[in-house]
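> The following block contains the structure, expressed as C-alpha cells.
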Amino acid sequence: MRVVENTPERLVLRDIPLGPGAALLAVALLPMLWGWALARAGQMTGGLFLIGFGVIIFLGCFGVFVQVLTVRLDRAADHAEITQTGIFGRRQTIHSLADLTGATLQSTLIRRKPGDRIGKAGRRLPPEPRVWRTALVRRDGTHLPLTEAYGSQKTAGALAAALNGWFGAD
C-alpha cells in the first residue's frame, strides 16, 4: 500500500498486489518453460500448446486475482471513490464522504473441513489461518468493504491506519 497524496483536503491510496502476481507468474512459468523445451527439442505442436496454456493460465488468474486498488477521499468534492482496476476492466464506486466516519478491519477464518488431519497423530493441529480486508465505516455503523477479497493483515492494517489517520478516527 502506497500513499500517493496526503493533504488535509485529499487522500489518495494505492495498493498494487505484487506478491500474488509473482506467485501466479511462478505457477504459469512451469508449462511455459516445459513448452519452450519441447519446441527446442523439435516438438513444435506440443511446445506451442503448453506455452499457450501457460499464457492463458497467467492472464486468466492475473486478471481475476490481481487488481490495483485506488482509494480517493476528497473533502472539497465530498466523495470517497474506490476503484479496482485489472486486466479485464475497472470497477468504481463513489460514496458520500459525509456519511463515513473511518475504517475498520474485517477478518474471517479459513475453516478446515471435518476430518482434515495435518501433522502427526497425538499433536495439536495448528490454528486455522485468518485473512483480512479493510472496510469503510458509515455513520449508521454498517461497513463498506473496499475489496471482495481478503488478504494479509499487514496490508489491510496499513490501509485502515492511513484512512483513520486522515479521518482523525482511532
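> Quick one: in segment 37-69, which of the residues that are surrounded by 14 or more Cβ atoms within 10 Å (Cβ to Cβ) and of a type in the set (Val, Ile, Thr) is farthest from the chain's Cα centre (by Cα)?
This residue is ILE51.
> May I ask you to list the residues in segment 5-18 that are touching a strand residue (DSSP E or B) at 6+ places or on another chain (Cβ under 9 Å) and in contact (Cβ under 8 Å) with a residue 40 or more places away in the chain? Lay out the reasoning, then the answer.
Step one: filter segment 5-18 for residues touching a strand residue (DSSP E or B) at 6+ places or on another chain (Cβ under 9 Å), giving 5-6, 9-17.
Of everything in segment 5-18, those that are touching a strand residue (DSSP E or B) at 6+ places or on another chain (Cβ under 9 Å) and in contact (Cβ under 8 Å) with a residue 40 or more places away in the chain turn out to be ASN6, GLU9, ARG10, LEU11, VAL12, LEU13, ARG14, ASP15, ILE16, PRO17.
> Now, a different point. Please tell me if THR85 is hydroxyl-bearing (Ser, Thr, Tyr) and not assigned by TED's automatic domain parsing to the domain that holds ALA160. Talk me through it step by step, then tell me what you get.
Working: hydroxyl-bearing (Ser, Thr, Tyr): yes; not assigned by TED's automatic domain parsing to the domain that holds ALA160: no.
Spelling it out, it is not the case that THR85 is hydroxyl-bearing (Ser, Thr, Tyr) and not assigned by TED's automatic domain parsing to the domain that holds ALA160.
> Out of (1) within 24 Å of THR147 (Cα to Cα); (2) surrounded by 13 or more Cβ atoms within 10 Å (Cβ to Cβ), the odd one out for LEU18 is which?
Failed condition: (2).
> Another question, then. Does VAL27 satisfy the criteria of being exposed (fewer than 15 other Cβ atoms within 10 Å of the Cβ) and within 19 Å of ILE57 (Cα to Cα)?
Working: exposed (fewer than 15 other Cβ atoms within 10 Å of the Cβ): yes; within 19 Å of ILE57 (Cα to Cα): yes.
For VAL27, the condition - exposed (fewer than 15 other Cβ atoms within 10 Å of the Cβ) and within 19 Å of ILE57 (Cα to Cα) - is met.
> Within segment 70-105, can you find the residues that are surrounded by 16 or more Cβ atoms within 10 Å (Cβ to Cβ), under 14 Å from PHE167 (Cα atoms) and among the hydrophobic types (A, V, I, L, M, F, W, C)?
VAL71, LEU73, ALA80, LEU97, LEU100, ALA103
> Any residue in segment 146-159 that is free of Cβ contacts under 8 Å to residues at least 60 places away in the same chain sitting within a Cβ distance under 7 Å of a residue that is surrounded by fewer than 17 Cβ atoms within 10 Å (Cβ to Cβ)? List the pairs, counting only those 6 or more apart or interchain.
TYR150/THR108; TYR150/VAL131; ALA156/LEU105; GLY157/LEU105
> Further question on the same structure: Would you tally the residues in segment 98-110 being within 15 Å of ALA80 (Cα to Cα) and out of contact with any helix residue (DSSP H, G or I) (no Cβ under 9 Å at 6 or more places or on another chain)?
Our first condition is that a residue be within 15 Å of ALA80 (Cα to Cα); within segment 98-110, this holds for 98-103.
Pick out the ones that are also out of contact with any helix residue (DSSP H, G or I) (no Cβ under 9 Å at 6 or more places or on another chain) and you get 98-99.
Qualifying residue count for the region: 2.
> Then there's this: Does VAL4 satisfy the condition of being surrounded by 15 or more Cβ atoms within 10 Å (Cβ to Cβ) and either part of a strand (DSSP E or B) or within 20 Å of the chain's Cα centre (by Cα) (or both)?
Numbers: surrounded by 15 or more Cβ atoms within 10 Å (Cβ to Cβ): no; either part of a strand (DSSP E or B) or within 20 Å of the chain's Cα centre (by Cα) (or both): yes.
Against the criterion (surrounded by 15 or more Cβ atoms within 10 Å (Cβ to Cβ) and either part of a strand (DSSP E or B) or within 20 Å of the chain's Cα centre (by Cα) (or both)), VAL4 does not qualify.
> Still on this structure: What residue, among those in segment 62-91 that are outside any strand (DSSP E or B) and of a type in the set (A, V, I, L, M, F, W, C), is farthest from VAL27 (Cα to Cα)? Before the answer, list the steps.
Restricting attention to segment 62-91, the residues satisfying the condition of being outside any strand (DSSP E or B) are 62-67, 75-78, 87-88.
Cutting the leftovers down to of a type in the set (A, V, I, L, M, F, W, C) gives us 62, 64-66, 76-77, 87-88.
Values: PHE62: 11, VAL64: 15, PHE65: 14, VAL66: 14, ALA76: 45, ALA77: 44, ILE87: 18, PHE88: 20 Å.
Among those residues, the one meeting the criterion is ALA76.
The values are calculated or read from the model by the stated rules, or taken from the named source; none is laboratory data. Since this is a predicted model, take the numbers as computed values, not measurements. As a convention, Cβ positions derive from the backbone with ideal geometry for all residues, glycine included, and neighbour counts pool all protein chains shown.
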